[in-house]
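One structure is given below, encoded as structure tokens.
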Amino acid sequence: MGDIALNKNEVRESDFVWLPDAGSIERSRLQAFITSRGLAGVEDLQSWAAEDVGRYWDAAVQDLGLPFHRPYSSPLDLSLGVQWPEWFVGGGFNYVQAALGRWIDEGQGDRIALVWEGDDGEHQSLTFSELYEWTMRFAGVLLAAGVEPGDRVGIFLPMVPETAVAVLAAGAIGAIYVPMFSGYGPEAVSSRLNDAGVRVLVTADGFYRRGVEVSMKQIADEAMAASPSVTACIVLRRTGSDVPWNPARDSWWHDLEESAEPILEISATAANDPFMIIYTSGTTGKPKGALHVHAGFPIKAAHDMAYCFDVRESDTVFWMTDLGWMMGPWLIAGGLMLGAAIVLYEGTPDYPHPDRLWRVAERSKATVLGVAPTAVRSLMAKGDEWIEGVDLSRLRVLGSTGEPWNTDPWRWFSERVGGSRCPVINYSGGTETGGGIVGGTVVQPIKPCGFCGPVPGMIADVLDEHGAAVRGQVGELVVRQPWVGMTRGFWNDNERYLDAYWSRFPDIWVHGDWAEIDGDGTWFIRGRSDDTLNVAGKRIGPAEVESAAVSHDSVQEAAAIGVPDELKGEVIVAFVVLRPGVKLSDDLREEIRLHVGQQLGGSMRPSAVFVVTDLPRTRNGKVMRRVIRSAFLGLDPGDVTALENPDAVGDVMSAGKVAKERLAR
């Protein structure tokens with residue numbers, strides 16, 4: 001599909017803009033792993049992995065030094081089919097022992113494990129010993145509340161230190177935790193509580209967001225009223241506000257801790273015992289509960305952090321996330337298992353000022369920083385003055401995930417935040433994959449917006465509609481062989497799991513993303529395949545339309561959807577947010593529409609451009625095209641409680657009404 005539109009002195013997608021030096025390659029964890037296997041480089045490693053994925057993951061586990069309390073007899077058993085691999089057969093593994101107990105046993109308990117900053121500026125740091133002791137104490141609280149191995153514990157908390165404690169405590173006793181976005185409404189919380197059969201819910205009285213108290217307990221109460229499986233609710237006092245109370249069910253966290261006995265040992269769980277059910281929304285229907293096991297998702301997280309982001313014990317990793325997005329559990333499990341310090345942040349990137357995100361990175365002394373592209377686009381628009389004077393010299397690796405980039409913000413992130421010295425490791429996978437399918441590494445050249453290729457150990461490809469591998473054109477992103485971290489099906493709905501990922505091509509995982517591999521072997525994600533625009537028989541990913549729109553000087557953000565059309569089958573409608581200070585006019589809307597057509601060709605020119613004040617997005621910054629399309633067409637947009645800004649849906653609905661009125665005339 002060619003390069004995306006260029007703006008002024010913008011670099012092109014076809015340019016390599018970051019090249020690793022020999023010293024960086026030699027010092028990297030990935031190169032050390034490659035060398036230990038007697039291989040020459042990443043391509044050799046991938047070929048070696050494709051020959052025997054069980055051998056690959058066995059070698060990775062040994063290289064990472066992960067502690068199995070009972071050795072496994074075989075790294076992989078495929079007797080039930082590629083859809084149902086059993087990893088580390090017969091082995092015993094509890095990821096909490098790998099994340100905490102391991103470092104205590106090795107006498108490293110005095111190192112910092114967790115750094116936290118609240119929306120209100122409150123700070124806290126915990127060593128591995130302090131986090132371990134707190135986890136073991138709260139594990140005793142859960143046992144006293146009647147939680148048994150295999151029981152589900154719902155965690156509906158803001159990003160505070162207690163969130164990590166609750167997560168780890170559940171794993172320490174062999175329970176299964178269910179993470180939920182702190183911004184969910186009652187219906188979203190209730191649906192997850194009911195589907196998972198949650199027995200105990202851990203929540204808070206509230207939290208702070210942009211300096212305002214946000215209630216959680218009231219939402220939790222409404223959810224529990226429709227969730228009969230919940231028998232106990234543990235409430236963290238975060239804001240100190242008055243909350244509704246059911247003495248037969250509710251208890252204060254701190255009261256329970258005072259009376260509970262800490263557990264003495266972390267449970268000796270089997271490698272394939274479940275530890276988490278994390279829900280992900282499909283394009284239709286109820287959310288899907290991806291089931292993950294102790295020797296799955298956590299090992300994948302640690303693996304990807306080590307080999308893509310080069311995380312080691314000396315690092316401090318700050319990823320802007322929420323527990324309800326997979327990057328929250330990924331950060332807690334992967335970061336601590338590698339012995340790094342992790343940073344949890346309760347607030348937003350730009351409160352009270354647009355330098356807040358960068359100041360948190362500075363104060364926490366972060367060395368690895370992960371941010372969604374939407375956050376970067378928003379902060380870039382505030383002006384360079386908000387990052388000038390912030391000391392980000394400790395950063396050595398930048399990361400991003402969640403959605404496709406466009407080039408201007410990518411370059412700004414690389415140059416202004418990373419000082420052109422830090423690789424921008426693009427990373428894309430999903431809740432069901434336990435981590436990345438494609439990513440970058442610190443040992444390979446990097447192009448703007450691109451991925452160096454499949455994450456090590458991921459045998460990925462791009463296929464056309466007939467299942468043939470393609471290069472230089474958009475196709476379906478697939479994975480040809482199983483991997484550690486893939487979901488063990490959907491909770492109580494394995495048929496849906498098989499239909500979602502395994503029904504398109506025999507024994508091949510179809511992820512639902514459009515991808516493209518260029519002539520240099522760089523991979524690009526071109527949007528969700530279920531978001532694909534099909535105009536007069538020509539397919540295009542919405543990300544390309546959005547990048548073309550954003551390349552206009554007046555446009556800060558954009559979202560593109562396809563809507564039904566009697567003549568073409570589908571036409572493109574674009575929604576744009578203008579840059580600060582730009583005045584709206586009919587001429588400007590038309591100018592943007594024509595600009596997109598100039599970049600992508602007349603057939604891909606949007607039929608209409610609507611200017612909105614904001615785009616509906618989740619709290620992790622992902623723009624929800626599904627919601628935009630439904631709202632525009634006057635359909636039920638579904639559950640919008642997970643949105644950061646549900647009011648934005650109203651702008652889209654208004655645009656839809658305007659469009660209908662125009663047609664009526």
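The values are calculated or read from the model by the stated rules, or taken from the named source; none is laboratory data. What you see is a predicted model; the values in this text were computed from it and never measured. Methodologically, a virtual Cβ is constructed for each residue, glycine included, from the backbone with ideal geometry; neighbour enumeration extends over all protein chains shown. In case anyone asks, the SASA skips ligands and DNA or RNA and just uses the protein heavy atoms, side chains included. Shrake-Rupley method; radii C 1.70, N 1.55, O 1.52, S 1.80 Å.
Condition check ((1) open to solvent by less than 20 Å² (accessible area, probe 1.4 Å); (2) within 30 Å of Met180 (Cβ to Cβ); (3) among the hydroxyl-bearing types (Ser, Thr, Tyr)) across all residues:
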residue: Leu588; (1), (2), (3): yes, no, no
residue: Gly597; (1), (2), (3): yes, no, no
residue: Arg605; (1), (2), (3): no, no, no
residue: Val612; (1), (2), (3): yes, yes, no
residue: Pro646; (1), (2), (3): no, yes, no
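Pick from segment 306-356 the residues that are under 28 Å from Gly107 (Cα atoms) and among the polar types (S, T, N, Q): which of them is most open to solvent (accessible area, probe 1.4 Å)? The residue in question is Ser314. Screening Asp195 on (1) part of a helix (DSSP H, G or I); (2) crowded, with 19+ Cβ neighbours inside 10 Å; (3) in contact with a helix residue (DSSP H, G or I) (Cβ under 8 Å, 6 or more places away or on another chain); (4) not polar (S, T, N, Q) shows it passes everything except condition (3).
Checking Phe88, Phe68 one by one, the residue that is assigned to a loop (DSSP other than H, G, I, E, B) and either open to solvent by less than 70 Å² (accessible area, probe 1.4 Å) or under 29 Å from Leu291 (Cα atoms) (or both) is Phe68 and no other.
Rundown of residues vs (1) at pLDDT below 95; (2) within 23 Å of Gly41 (Cβ to Cβ); (3) among the charged types (D, E, K, R), yes/no style:
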| position | (1), (2), (3) |
| --- | --- |
| Gln444 | no, yes, no |
| Gly453 | no, yes, no |
| Ala460 | no, yes, no |
| Leu463 | no, no, no |
| His466 | yes, no, no |
| Val484 | no, yes, no |
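Considering segment 551-562, the residues that are open to solvent by less than 10 Å² (accessible area, probe 1.4 Å) and touching an Asp or Glu at 6+ places or on another chain (Cβ under 7 Å) include one that is farthest from Thr374 (Cα to Cα), namely Gly562.
Okay, residues lined up against (1) surrounded by fewer than 18 Cβ atoms within 10 Å (Cβ to Cβ); (2) within 16 Å of Ala608 (Cα to Cα); (3) among the β-branched types (Val, Ile, Thr); (4) modelled with pLDDT of 95 or more:
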site	(1), (2), (3), (4)
Val510	no, no, yes, yes
Gly537	yes, no, no, no
Val545	no, yes, yes, no
Gly569	yes, yes, no, no
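With respect to the conditions (1) surrounded by 14 or more Cβ atoms within 10 Å (Cβ to Cβ); (2) in a helix (DSSP H, G or I); (3) more than 26 Å from the chain's Cα centre (by Cα); (4) modelled with pLDDT of 95 or more, Ser47 lacks only one, and its number is (1).
Summed over segment 249-275, the residues that are part of a loop (DSSP other than H, G, I, E, B), open to solvent by 30 Å² or more (accessible area, probe 1.4 Å) and over 28 Å from Gly289 (Cβ atoms) give a count of 4. Taking each residue of segment 406-435 that is open to solvent by less than 10 Å² (accessible area, probe 1.4 Å) and looking for partners that are acidic (Asp, Glu) with beta-carbon atoms closer than 9 Å, six or more apart or interchain, yields Thr407/Asp3; Thr407/Glu10; Thr407/Glu13; Pro423/Asp310; Ile425/Asp310; Tyr427/Asp304; Gly434/Asp304; Gly435/Asp304. The set of residues from segment 255-281 being farther than 15 Å from Ala172 by Cα and in contact with a strand residue (DSSP E or B) (Cβ under 9 Å, 6 or more places away or on another chain) comprises Leu256, Ile277, Ile278, Tyr279, Thr280, Ser281. Within segment 210-240, the residues that satisfy the criterion of being farther than 19 Å from Trp491 by Cβ, open to solvent by less than 40 Å² (accessible area, probe 1.4 Å) and not in a helix (DSSP H, G or I) are Met216, Ala232, Cys233, Ile234, Val235, Leu236, Arg238, Thr239. Any idea which residue in segment 125-141 is nearest to Val360 (Cα to Cα), counting only those that are in a helix (DSSP H, G or I) and open to solvent by 20 Å² or more (accessible area, probe 1.4 Å)? The qualifying residue nearest to Val360 (Cα to Cα) is Glu130. Pairs linking a residue in segment 467-490 that is closer than 30 Å to Tyr95 by Cβ to a residue that is open to solvent by 30 Å² or more (accessible area, probe 1.4 Å) and basic (Lys, Arg), with Cβ atoms under 6 Å and 6 or more positions apart or on different chains, are Phe490/Arg496.
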